[in-house]
Amino acid sequence: MWKSFFLKVLRFVALTLLIVQVTFSSALAQETLSPEAATNQSPEAITPSKIERAAPDNLNADQITAAPKRDRKKASGVSVSRLTFPQPPNPYDAEAIDKFDEQLYGAGS
């Protein structure tokens, strides 16, 4: 009797710990790289660093430092240029429905 009781208690504790672990663990698994992919990647891909770019030869210093500015106007409400599609035909034949109603319920209903 004690043996079955202890086995039930042990099973209860194990299942409780398993449920708690699944409930509170991270939902998404972490991505691991295969050994081939890890060796093929460059150091910049693993630890990104700031890459300095050389300026083209045909630009002077003033043109390099001046960033182009874009004037963006905020859209007020709904935009005017919407796509419009033709209205699809009505799938119901109103005349046939009226004729059926007259046959079923009589005229004037």
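Quick note: the coordinates plus some simple rules give every number you see, no bench work behind them. These numbers come from a predicted model, not from an experiment. Neighbour counts are summed over all protein chains in view; Cβ atoms, including those assigned to glycine, are modelled from backbone coordinates with ideal geometry.
Here are some notes:
- Taking each residue as 0.36 nm, the span from Asp98 to Gln21 lengthens on full extension beyond its C-alpha to C-alpha distance by 21.2 nm.
- Remark: Thr16, Thr84 ranked as Thr84, Thr16, counting other beta-carbon atoms within 10 Å and listing the fewest first.
- Counted charge near Tyr105, where neighbours are those whose Cβ lies closer than 13 Å (Asp, Glu -1; Lys, Arg +1): -2
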